[in-house]
Amino acid sequence: MLVTQPVNLDIQYEYRKRFGLGVSDYVPSERLYGERQRVFRKRLASQGWVWNFETSFMIHGSLMEIQRRISRQMSLAFVDFIPVADPHPEILPDVVHLSNEGNELLAEAIYLEFLSLFSLEGE
């Protein structure tokens with residue numbers, strides 16, 4: 001089973017803001033994962049640059065898309081955890097590690113995927 005990994009850009013944003021490292025037009029917690037991907041890619045295309053944490057985020061998006069493609073090509077079970085985590089930024093107290101609540105949400109998403117696999121086999 002493959003599971004996408006959400007990231008919390010708000011932590012990096014606050015760090016960069018606190019130390020005066022430039023944050024462009026990033027708005028914390030107000031944009032979902034896909035929208036942030038589009039904003040950063042559009043700015044890169046139009047201005048020719050983005051901040052390093054935005055570059056890392058775009059690379060992350062590309063890796064998650066590769067993961068989706070591999071799961072389809074190999075018919076692997078797949079849990080897209082990013083849209084589950086998106087409305088709950090508090091479940092990522094740092095950039096990538098889940099809180100207890102985040103682990104509960106992830107366990108539920110994996111459980112539901114397993115249930116769907118077994119219910120398909122029994123039909």
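A short reminder: the numbers here are calculations on the coordinates, not readings from a lab. Bear in mind the structure is a predicted one, so any value in this text is a computation, not a measurement. Every residue, glycine among them, receives a Cβ derived from its backbone with ideal geometry; neighbour counts consider all protein chains shown.
Things to note:
- Estimated vicinal HN-Hα couplings, Hz - segment 75-87 in sequence order (Karplus 6.51, -1.76, 1.60; Gly, Pro = x): 6, 8, 4, 9, 10, 8, 7, 4, x, 6, 7, 3, x
- Two-site label geometry, Arg72 and Met58: point separation in nm, points 7 Å out along Cα→Cβ: 2.3 nm
- Residues whose placed amide H lies under 5 Å from that of Val79, excluding near-sequence neighbours: Leu2, Val3, Thr4
- For the pair Trp49 and Leu2, label points projected 7 Å from Cα toward Cβ lie 3.4 nm apart.
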